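Peer 1: Below you will find the structure I want to go over with you.
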Ligand code: 4FV
């Protein structure tokens with residue numbers, strides 16, 4: 001069982017994602033346990049303040065260290081061996097090998113979602129890893145966290161089931177190779193036919209055809 005905790009100001013936007021389709025099935029078969037932690041619950045004072053203006057000036061607000069630290073401590077108390085991952089444009093760019101590594105790691109995950117202009121830098125003392133989903137700026141770390149949850153959960157034992165073996169799929173094992181073209185019924189649609197080799201039942205020929213049609217990811 002992989003324990004994945006998420007620290008966020010918007011736990012409600014994760015509910016429909018983790019309770020649908022493969023991620024819901026993954027919970028049902030006991031492959032993963034998701035726990036949503038609302039940062040607001042660790043807010044300061046009557047207004048449960050979690051953000052404030054940056055020292056030294058500058059636009060926007062920052063997530064304050066105290067609520068962040070209390071939330072991370074709570075998550076670590078729930079799962080002492082878990083690694084803390086901060087979603088940030090400063091992080092290493094997420095890819096399939098990182099997803100495979102996180103899925104293989106025995107330890108749980110604590111995904112820390114920034115909001116506003118980001119987090120007080122002093123939280124970095126608790127952060128084991130920073131991950132970015134791409135060189136663009138989002139309004140929060142929630143969508144990056146969902147991306148990691150999806151890519152990691154589907155690699156957990158029993159989740160993909162017979163649907164697909166993770167080995168043959170795109171980017172598996174660090175390759176930049178994409179999958180081969182695939183088809184399903186009908187055999188012909190508006191004059192567009194399924195390549196006859198795929199209907200031949202000749203597995204050797206089919207494997208050769210597929211190898212010859214695995215696309216190289218255009219890296220331009
Ligand atoms: C991001 C990314 C990202 C930065 C400040 C949230 C935003 C705001 N995270 N990959 N790209 N985060 O843009 O992971 O708090």
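Just so you know, all these numbers are worked out from the coordinates, no wet-lab data involved. The shown structure was predicted, so the numbers you read here are calculated from the model rather than taken from an experiment. Every residue, glycine as well, gets a Cβ built from its backbone with ideal geometry; the counts of neighbours run over all protein chains shown.
Peer 1: Given q = 0.13, 0.17 Å⁻¹, what are the Debye log10 I(q)/I(0) values for the chain, with equal point scatterers placed on the Cα positions and solvent ignored?
Peer 2: For the chain at q = 0.13, 0.17 Å⁻¹, log10 I(q)/I(0) is -0.83, -1.20.
Peer 1: So what is the 222 nm mean residue ellipticity for the chain from helices alone, if each DSSP H run of at least 4 adds -39500 (n - 2.57) and you divide by all residues, rounding to the nearest 500 deg cm²/dmol?
Peer 2: -7500 deg cm²/dmol
Peer 1: What is the distance, in nm, between label points placed 7 Å from the Cα along the Cα-to-Cβ direction at residue 190 and at residue 49?
Peer 2: Each label point is offset 7 Å from its Cα along the Cβ direction, giving 6.0 nm.
Peer 1: Which residue fluctuates most in the GNM of the chain (Cα springs below 10 Å): 143, 44, 133?
Peer 2: Among 143, 44, 133, the largest GNM mean-square fluctuation belongs to 44.
Peer 1: Give me log10 I(q)/I(0) at q = 0.16, 0.17 Å⁻¹ for the stretch 8-93, Debye formula, one equal scatterer per alpha-carbon, no solvent.
Peer 2: -0.85, -0.93
Peer 1: Could you please rank 136, 116, 34, placing first whichever residue has the fewest other Cβ atoms within 10 Å of its Cβ?
Peer 2: In order of increasing Cβ crowding within 10 Å: 136, 116, 34.
Peer 1: Going by how many other beta carbons lie within 10 Å of each one, how would you line up 107, 113, fewest first?
Peer 2: Least to most surrounded, the residues fall as 107, 113.
Peer 1: Relative to the first principal axis of the alpha-carbon coordinates of the chain, what is the inclination of helix 203-212, with its axis defined by its Cα atoms, in degrees from 0 to 90 and to the nearest 10?
Peer 2: 60
Peer 1: So how do 85-93, 187-195, 10-18, 64-72 stack up, highest first, on mean other-Cβ count within 10 Å?
Peer 2: So the order, starting with the most tightly packed, is 64-72, 85-93, 10-18, 187-195.
Peer 1: Let me ask something else. Can you say what percent of the DSSP beta bridges in the chain, counting only those with both residues inside, are antiparallel? Round to 5.
Peer 2: Beta bridges within the chain, antiparallel portion: roughly 25 percent.
Peer 1: Over the stretch 54-111, consider all pairs of different Cα atoms and compute the Kirkwood hydrodynamic radius from their mean reciprocal separation; express it in Å, one decimal.
Peer 2: 13.7
Peer 1: Let me ask something additional. Please report 196, 132 as a ranked list, fewest other C-beta atoms within 10 angstrom at the top and most at the bottom.
Peer 2: The most exposed by this proxy come first: 196, 132.
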